[in-house]
1. With (1) surrounded by 12 or more Cβ atoms within 10 Å (Cβ to Cβ); (2) under 19 Å from the mean Cα position of the chain (by Cα) as the list, and G50 as the residue in question, which single condition is left unmet?
2. Identify all residues within region 44-91 that are among the hydrophobic types (A, V, I, L, M, F, W, C), more than 18 Å from L31 (Cβ to Cβ) and in contact with a helix residue (DSSP H, G or I) (Cβ under 6 Å, 6 or more places away or on another chain); write none if there are none.
3. Does A57 qualify as being assigned to a helix (DSSP H, G or I) and touching a residue at least 40 places away in the same chain (Cβ under 8 Å)?
4. For region 54-68, give me the residue count where each residue is surrounded by fewer than 17 Cβ atoms within 10 Å (Cβ to Cβ) and aliphatic (A, V, I, L, M).
5. It is to be established whether one or more residues within region 23-43 are more than 30 Å from K89 (Cα to Cα), more than 21 Å from the chain's Cα centre (by Cα), modelled with pLDDT of 90 or more and part of a helix (DSSP H, G or I).
Amino acid sequence: MLSMLALLQGAAAAGADKGYGLIGAGLAAGLAVVGAGIGIGLIGGRATEGIARQPDATARIQTAMIIAAALVEGVALFVAVIAFLIQGKINF
(Lines give C-alpha, C1' and ligand atoms only; values in the text may rest on other atoms or scores of the structure.)
Protein backbone atom coordinates (compact mmCIF):
# COMPACT_ATOMS: atom_id res chain seq x y z
CA MET A 1 0.00 0.00 0.00
CA LEU A 2 2.80 2.41 0.82
CA SER A 3 4.58 1.67 -2.45
CA MET A 4 1.39 2.49 -4.37
CA LEU A 5 1.07 5.79 -2.48
CA ALA A 6 4.71 6.66 -3.22
CA LEU A 7 4.14 5.88 -6.92
CA LEU A 8 1.08 8.14 -7.06
CA GLN A 9 2.90 10.96 -5.29
CA GLY A 10 5.80 10.71 -7.74
CA ALA A 11 3.45 10.83 -10.73
CA ALA A 12 1.58 13.82 -9.29
CA ALA A 13 4.81 15.73 -8.65
CA ALA A 14 6.07 15.09 -12.21
CA GLY A 15 2.74 16.17 -13.69
CA ALA A 16 2.67 19.35 -11.61
CA ASP A 17 6.04 20.48 -12.98
CA LYS A 18 4.83 20.04 -16.54
CA GLY A 19 1.60 21.82 -15.72
CA TYR A 20 3.52 24.78 -14.34
CA GLY A 21 5.51 24.91 -17.56
CA LEU A 22 2.33 25.04 -19.63
CA ILE A 23 0.85 27.72 -17.40
CA GLY A 24 4.06 29.75 -17.73
CA ALA A 25 4.04 29.43 -21.52
CA GLY A 26 0.40 30.50 -21.67
CA LEU A 27 1.01 33.47 -19.41
CA ALA A 28 4.01 34.54 -21.48
CA ALA A 29 2.01 34.46 -24.71
CA GLY A 30 -0.94 36.27 -23.14
CA LEU A 31 1.15 38.99 -21.55
CA ALA A 32 3.00 39.53 -24.83
CA VAL A 33 -0.25 40.12 -26.66
CA VAL A 34 -1.61 42.43 -23.95
CA GLY A 35 1.65 44.39 -23.83
CA ALA A 36 1.72 44.78 -27.61
CA GLY A 37 -1.87 46.00 -27.62
CA ILE A 38 -1.17 48.58 -24.95
CA GLY A 39 2.03 49.69 -26.66
CA ILE A 40 0.47 50.10 -30.09
CA GLY A 41 -2.50 51.91 -28.54
CA LEU A 42 -0.19 54.39 -26.83
CA ILE A 43 1.82 54.89 -30.02
CA GLY A 44 -1.33 55.57 -32.04
CA GLY A 45 -2.73 57.96 -29.44
CA ARG A 46 0.46 59.97 -29.14
CA ALA A 47 0.84 60.11 -32.92
CA THR A 48 -2.71 61.41 -33.26
CA GLU A 49 -2.00 64.10 -30.67
CA GLY A 50 1.21 65.07 -32.45
CA ILE A 51 -0.52 65.32 -35.82
CA ALA A 52 -3.28 67.44 -34.27
CA ARG A 53 -0.72 69.83 -32.79
CA GLN A 54 1.53 70.03 -35.84
CA PRO A 55 -0.29 69.11 -39.06
CA ASP A 56 2.78 70.07 -41.11
CA ALA A 57 4.79 67.21 -39.58
CA THR A 58 2.22 64.51 -40.45
CA ALA A 59 4.51 62.51 -42.74
CA ARG A 60 7.38 62.39 -40.22
CA ILE A 61 5.07 61.48 -37.35
CA GLN A 62 3.35 58.71 -39.32
CA THR A 63 6.69 57.24 -40.41
CA ALA A 64 7.99 57.18 -36.85
CA MET A 65 4.69 55.73 -35.63
CA ILE A 66 4.76 52.88 -38.15
CA ILE A 67 8.37 52.02 -37.31
CA ALA A 68 7.67 52.04 -33.57
CA ALA A 69 4.53 49.93 -33.99
CA ALA A 70 6.44 47.42 -36.10
CA LEU A 71 9.13 47.12 -33.42
CA VAL A 72 6.54 46.58 -30.69
CA GLU A 73 4.76 43.97 -32.80
CA GLY A 74 8.07 42.25 -33.56
CA VAL A 75 8.90 41.90 -29.87
CA ALA A 76 5.41 40.51 -29.17
CA LEU A 77 5.75 38.00 -31.99
CA PHE A 78 9.18 36.94 -30.69
CA VAL A 79 7.80 36.36 -27.19
CA ALA A 80 4.83 34.40 -28.57
CA VAL A 81 7.15 32.15 -30.60
CA ILE A 82 9.33 31.52 -27.54
CA ALA A 83 6.21 30.66 -25.51
CA PHE A 84 5.10 28.16 -28.16
CA LEU A 85 8.58 26.63 -28.21
CA ILE A 86 8.45 26.23 -24.43
CA GLN A 87 5.05 24.63 -24.74
CA GLY A 88 6.33 22.23 -27.41
CA LYS A 89 9.24 21.08 -25.22
CA ILE A 90 6.90 19.76 -22.53
CA ASN A 91 6.03 16.11 -23.12
CA PHE A 92 3.53 14.14 -21.11
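The values are calculated or read from the model by the stated rules, or taken from the named source; none is laboratory data. None of the values given here were measured: they were computed from a predicted structure. When we count neighbours, we look across all protein chains shown, and the Cβ atoms used for this are built from the backbone with ideal geometry, even at glycine.
1. Just one mismatch for G50, condition (2).
2. Kept after step one, since they are among the hydrophobic types (A, V, I, L, M, F, W, C), are these residues of region 44-91: 47, 51-52, 57, 59, 61, 64-72, 75-86, 90.
Among the residues that remain, those that are also more than 18 Å from L31 (Cβ to Cβ) are: 47, 51-52, 57, 59, 61, 64-70, 90.
A47, I51, I61, M65, A68, A69, I90 - these are the residues of region 44-91 that are among the hydrophobic types (A, V, I, L, M, F, W, C), more than 18 Å from L31 (Cβ to Cβ) and in contact with a helix residue (DSSP H, G or I) (Cβ under 6 Å, 6 or more places away or on another chain).
3. Details: assigned to a helix (DSSP H, G or I): yes; touching a residue at least 40 places away in the same chain (Cβ under 8 Å): no.
When the stated conditions are applied, A57 does not pass them.
4. Within region 54-68, the first condition is being surrounded by fewer than 17 Cβ atoms within 10 Å (Cβ to Cβ), and the residues that meet it are 54-60, 62-64, 66-67.
Of the ones still in play, those that are also aliphatic (A, V, I, L, M) are 57, 59, 64, 66-67.
Number satisfying all stated conditions: 5.
5. No, because not a single residue in region 23-43 is more than 30 Å from K89 (Cα to Cα), more than 21 Å from the chain's Cα centre (by Cα), modelled with pLDDT of 90 or more and part of a helix (DSSP H, G or I).
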